[in-house]
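Reading through the structure tokens given below for one structure.
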Amino acid sequence: MATAAAAGRDVLARFEPVIGLEVHCQLLTRTKLFCSCRNRFGDAPNTNVCPVCLGLPGALPVLSREAVTLALRAALATGCTVHETSVFARKNYFYPDLPKGYQISQYERPLATGGHVEIPAGDGSLRRVRLHRIHMEEDAGKLLHEGFAWSGEKSGVDFNRSGVPLIEIVSHPDLRTPEEAHDYLAALRAVLLYAGVSDGNMEEGSLRCDANVSVRPRGTEALGTRAEIKNLNSFRHVARAIEHEAARQAAVIEAGGTVVQETRLWNADRGETASMRSKEEAHDYRYFPEPDLPPLVVSLEWIEEVRGSLPELPAARRRRFVADYGLPGYDAAVLTVSREVADYYEAAARESGNPKAASNWVMSEVLRKLKEDERPLAGCPVAPERLAELLKLVDRGTISGKIAKDVFERMWASGEGAPAIVEREGLTQVSDEGALRAAIAEVVAASPEQAATYRGGRTATLGWFVGQVMKKTGGRANPQVVNALLREALDGPS
Ligand SMILES: [Zn+2]
């Protein structure tokens, strides 16, 4: 297997992958798309169901305004053109999790078209990946093959998910590497989270991704035959599956074969894709306009109201962080990964008056501790205002940067403020020259060998002396003052 994978990477030196993603995103509505059943993950099977979402004869769908509003948020946040009139259509197919025998989707006239998502380009700038369309549709139920006493003989079906509102976001085939596909998905997820459209939880299926992959000889333009890979339920799987599939196709072509248009399933355990069925054509679904729903008409006022309620989006915020706070692009990208992190950072930057220090502390300490504790930012024991107090103590020279790290750990554990901890523990930085001179004199007197080395021209020994003085003062000495006084003591007449 390992050899096959290596050979695959080798042929990719000669073939270029062309990748487009179709992302299904569950909308954060209270109810389902066409009925008032609750839209909630994790409830006992078949507890959130009614005649509409069970597809019982005579039941009629009623479109949720909340779902349309969220779909509009997604469309406007990605710069799509929203169409005043869109049309729901029946997509007919037979599957046990689809009680009506059709899914209500949008086909010829989707809610929105165009738009783009920005991903990082190699040089630190951003590159646009174009969107083809965003349309609304309902989810199907879920088959349960495992976890029951009878699972050996039969499968169950849970209709809680039947009728849950989705949007499908279809990109152009603008992606060229598995990493770009990963970055696109991350950027799209961030936009959807900022806009409050989805919780972005891939484990719970709130975001699901299919990838259209083809390859072509490098340097050529014509598109190859593509395969659609389904079942990509994590960021890691998306990148791995695409890499594997592109290499597979390239190997087929190099061996003189032909790539077949088909749907393939990613098997994460085996690390490979396998043919699932030949790719359906649109006519297989016998689409026709949904007779039980009128066309969806969204007024200009509605669109403008939604547009006006959108927050600043990740790409704009990232640019502003670079411009206003002088942050490097990398820092800005890390700090805008979610709205909560960006809000936290901005509050700390403003309150402390030191945006660069705030950026370093949020990235290296706050995010690290949250990861260690597996806590969300909402559960962070150190509020941004409290972090700002700590940074101000460092900036004023009240405590050293080294002590600040210890104080931060105590703040994290106790929720106490920095000034109280510093006061109680007597951690104030010692800048008083008299006190420091005394400590330095002791250290120098106790280390004649090192003093001789220093005076012999090995001035790097100074660092060792600084360390000794810091130790003696419990890390509280002001390093700049210590440096200056040490030089004086060592360079001066002895
Ligand atoms: Zn229902």
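The values are calculated or read from the model by the stated rules, or taken from the named source; none is laboratory data. A quick note: this is a predicted structure, and the numbers were derived from the prediction, not measured. Heads up, the Cβs are rebuilt from the backbone with ideal geometry, glycines too, and the neighbour counts pull from every protein chain shown. Remember, those area values only see protein heavy atoms, side chains included, never the ligands or the DNA or RNA. Shrake-Rupley method; radii C 1.70, N 1.55, O 1.52, S 1.80 Å.
Would you check if Glu374 is on the phi > 0 side of the Ramachandran plot and out of contact with any Leu (no Cβ under 6 Å at 6 or more places or on another chain)? Spell out how you get there, then give the answer.
Details: on the phi > 0 side of the Ramachandran plot: yes; out of contact with any Leu (no Cβ under 6 Å at 6 or more places or on another chain): yes.
In short, yes.
Return a yes/no flag: does the stretch 277-287 have any residue that is in a strand (DSSP E or B), farther than 17 Å from Thr225 by Cα and either of a type outside the set (Lys, Arg) or open to solvent by less than 60 Å² (accessible area, probe 1.4 Å) (or both). Full working, then the answer.
Within the stretch 277-287, the subset in a strand (DSSP E or B) is 277-278.
Narrowing the set further to residues that are farther than 17 Å from Thr225 by Cα leaves none.
Scanning the stretch 277-287, I find no residue that is in a strand (DSSP E or B), farther than 17 Å from Thr225 by Cα and either of a type outside the set (Lys, Arg) or open to solvent by less than 60 Å² (accessible area, probe 1.4 Å) (or both), so the answer is no.
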Take the conditions surrounded by 12 or more Cβ atoms within 10 Å (Cβ to Cβ), touching a His at 6+ places or on another chain (Cβ under 7 Å) and not aliphatic (A, V, I, L, M) and apply them to Glu272. Does it pass? yes
Within the stretch 454-482, restricting to residues that are more than 44 Å from the chain's Cα centre (by Cα), closer than 16 Å to Ala435 by Cβ and open to solvent by 50 Å² or more (accessible area, probe 1.4 Å), the one that is modelled with the lowest pLDDT is Lys472
Determine if the stretch 253-261 includes at least one residue that is farther than 30 Å from Met136 by Cβ, touching a strand residue (DSSP E or B) at 6+ places or on another chain (Cβ under 9 Å), of a type in the set (A, V, I, L, M, F, W, C) and part of a helix (DSSP H, G or I). yes
Taking the stretch 363-408 only, how many residues are part of a helix (DSSP H, G or I), closer than 20 Å to Pro479 by Cβ and not polar (S, T, N, Q)? 15
Selection within the stretch 43-73 - in a loop (DSSP other than H, G, I, E, B), surrounded by 15 or more Cβ atoms within 10 Å (Cβ to Cβ) and either more than 10 Å from the ligand (Cβ to nearest atom) or at positive phi (or both): Pro45, Gly55, Leu63, Ser64
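Right, Leu327: over 17 Å from the mean Cα position of the chain (by Cα), part of a loop (DSSP other than H, G, I, E, B) and either modelled with pLDDT under 95 or closer than 24 Å to Ala190 by Cβ (or both) or not? Reasoning before the result, please.
Working: over 17 Å from the mean Cα position of the chain (by Cα): yes; part of a loop (DSSP other than H, G, I, E, B): yes; either modelled with pLDDT under 95 or closer than 24 Å to Ala190 by Cβ (or both): yes.
Considered against the rule, which asks whether it is over 17 Å from the mean Cα position of the chain (by Cα), part of a loop (DSSP other than H, G, I, E, B) and either modelled with pLDDT under 95 or closer than 24 Å to Ala190 by Cβ (or both), Leu327 comes out as yes.
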Is one or more of the residues making up the stretch 144-167 closer than 22 Å to Val238 by Cβ, touching a Gly at 6+ places or on another chain (Cβ under 8 Å) and not in a helix (DSSP H, G or I)? no
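Which residues, counting only those in the stretch 14-42, are within 16 Å of the ligand (Cβ to nearest atom) and not in a strand (DSSP E or B)?
As a first pass, look at the stretch 14-42 and keep what is within 16 Å of the ligand (Cβ to nearest atom): 26-27, 29-41.
Listed by number, the residues that qualify are Leu27, Thr29, Arg30, Lys32, Leu33, Phe34, Cys35, Ser36, Cys37, Asn39, Arg40, Phe41.
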Cβ-Cβ below 8 Å, separation at least six or inter-chain, first residue in the stretch 344-358 and buried (at least 22 other Cβ atoms within 10 Å of the Cβ), second not in a helix (DSSP H, G or I): which pairs? Tyr344/Cys380
Just the residues that are crowded, with 18+ Cβ neighbours inside 10 Å and touching a residue at least 60 places away in the same chain (Cβ under 8 Å), please, taken from the stretch 107-125. Tyr107, Leu111, Val117, Glu118, Ile119, Pro120
